[in-house]
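Below you'll find the structure, written out as structure tokens, and then a few comments.
The values are calculated or read from the model by the stated rules, or taken from the named source; none is laboratory data. Being a predicted model, the structure only gives us computed values, none of them experimental. So basically every Cβ, Gly included, is an ideal-geometry build from the backbone, and we count neighbours across all protein chains shown. Areas reflect the complete protein model, heavy atoms only, side chains present, ligands, DNA and RNA absent. Shrake-Rupley method; radii C 1.70, N 1.55, O 1.52, S 1.80 Å.
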Amino acid sequence: MGFAVLHIQKPKGNDSGTTAHIERTVSPANADPERTHLNKEFIEFPDGVETRTQAIQHRIENAGIKRKIIHNQVRALRIMLSGTPEDMQRVQAEGKVNEWCKDNIEWLQDTFGKDNLVSAVLHMDEKTPHLHATIVPIVTGERRKAEKPDEPASSKPEDGQKKDNKPEQNDEGKQGKKKYRKKDPNAVRLCADDIMTRENLEHFQNTYAEKMSKYGLQRGIRGSDARHITTPQYYRDLYEKNEDLRENIGYLEEEKQEVYGKVRDLYDRKDEAREKFLDIDEHTKQKQHELSDLEIRIEQLKQDYEPYRAQDDLNLLLDVFPRMSENLRIAQLYKGFGLTIDTTKQLFKGEPVAVTGKLHSSEHDRDFNVQDGKLQLFKERNNPNNPDSSGKLSLSLNGKNVLDWFKEQFGKLRQTIRPHIKPPAKPDIKGGKGIKR
């Protein structure tokens, strides 16, 4: 069995700070805002009363108290009712929270008076369900005796109240020995001390445990060293934990910044490489565009009706772009091979071109068949036999210079044709025919 929890405090003043906590006008750190709507006030306030603080003042003003209430006098008792967390969660799981609250309110009204219970709020947005009750300590009857036997009982002020009885005077009007009027023992008073006696507190714990026994809750151990943690102490402990967490967060933040710096450096390198790539790509596209523009210009010049003017433009272009002369020579040569302009463009881009069909050799004045061939431009290396060709662009077919390939094909063709040609007849010496000397 778990334990019933009954904690009573007597704060001074109107206890408005606790009102803010109970009514959630200020959300505490240990409360779940998504569950605050489950909190509930079980005591209906009188007309015109909207808050717990106003309810306390309303009860005091309408209780018939005649004595003056000073500013720091205890106006209400703060009572927290609950149980061990596991048992309260069990009560919640069984759907008995409302029944538990009803029994708590019944015990409060029977113990302190129905009119004195001005507020009872259930909190469901914290870890353990609990009830905050507010009791205005209105009492009647004889006051408690003073602590000193020789001190008149009426000489001790109640909860900070000031003495308001004047000493009696003798017949001559002179002030004699101080005497106080006897107060009405049935007068209504605001006195928390009359309620918070040791005997009463033990009685409260006993009767409350009896009321809660149906929920599997028993009285706390008498003389236990366990102490209730006050809300300020709870927040102090929470603050220390938060400071430790904040320090850990600081270390993690430093590590995060270090990792972020490394990632940022990698991104910078990536951006730098990307910019270089884009520059190279842009330069390549620009040159390709220039080449295309020049080819288009050349074609236009060829079609110009003024040949001399076209020739001048062509010569100017060849002077501005020396490599254009070589490219033009190659383009014309490839045209003679039977290659299209698109094929020539691909070759100038450095791309290999697959070819199947016929290639024309002007040297041999005939076409040669090609099956699944691959054309590609390459630069001539140093050739002792032809030093002028070094560094120039040449066309290869299947890795061999196309001109050499033409010669090879022509040689094969000759070998194929030669066996079908009959050799000339030899002179017949026996017949007397021969070469005359």
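Please go through region 415-434 and pick out each residue that is assigned to a helix (DSSP H, G or I) and at pLDDT below 85.
THR416, ILE417, ARG418, PRO419, HIS420
Looking only at region 3-29, residues that are at pLDDT 85 or above and either outside any loop (DSSP other than H, G, I, E, B) or closer than 17 Å to SER119 by Cα (or both) come to 17 in all.
Scanning region 328-353 for residues that are within 13 Å of SER292 (Cα to Cα) and in contact (Cβ under 8 Å) with a residue 40 or more places away in the chain, we see that the one that is most open to solvent (accessible area, probe 1.4 Å) is LYS349.
Tallying residues that are modelled with pLDDT under 85 and open to solvent by 80 Å² or more (accessible area, probe 1.4 Å) within region 207-225 yields 3. Does PHE410 meet the test of being over 19 Å from LYS335 (Cβ atoms), surrounded by 14 or more Cβ atoms within 10 Å (Cβ to Cβ) and at pLDDT 85 or above? Spelling it out, PHE410 is indeed over 19 Å from LYS335 (Cβ atoms), surrounded by 14 or more Cβ atoms within 10 Å (Cβ to Cβ) and at pLDDT 85 or above.
Let's see how each residue does on (1) modelled with pLDDT of 75 or more; (2) more than 60 Å from the chain's Cα centre (by Cα); (3) under 30 Å from ASN369 (Cβ atoms); (4) in a helix (DSSP H, G or I):
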{"residue": "HIS283", "(1), (2), (3), (4)": "yes, no, no, yes"}
{"residue": "LEU291", "(1), (2), (3), (4)": "yes, no, no, yes"}
{"residue": "LEU294", "(1), (2), (3), (4)": "yes, no, no, yes"}
{"residue": "ALA310", "(1), (2), (3), (4)": "no, yes, no, yes"}
{"residue": "LEU328", "(1), (2), (3), (4)": "yes, yes, yes, yes"}
{"residue": "GLY336", "(1), (2), (3), (4)": "yes, yes, yes, yes"}
{"residue": "LEU339", "(1), (2), (3), (4)": "yes, yes, yes, no"}
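The rows are residues; the columns are (1) open to solvent by 20 Å² or more (accessible area, probe 1.4 Å); (2) farther than 29 Å from LYS214 by Cα; (3) without any contact (Cβ under 8 Å) to a residue 40 or more places away in the chain.
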{"residue": "SER16", "(1), (2), (3)": "yes, yes, yes"}
{"residue": "PRO46", "(1), (2), (3)": "yes, yes, yes"}
{"residue": "ILE56", "(1), (2), (3)": "no, yes, no"}
{"residue": "ILE70", "(1), (2), (3)": "yes, yes, no"}
{"residue": "PRO85", "(1), (2), (3)": "yes, no, no"}
{"residue": "MET88", "(1), (2), (3)": "no, no, no"}
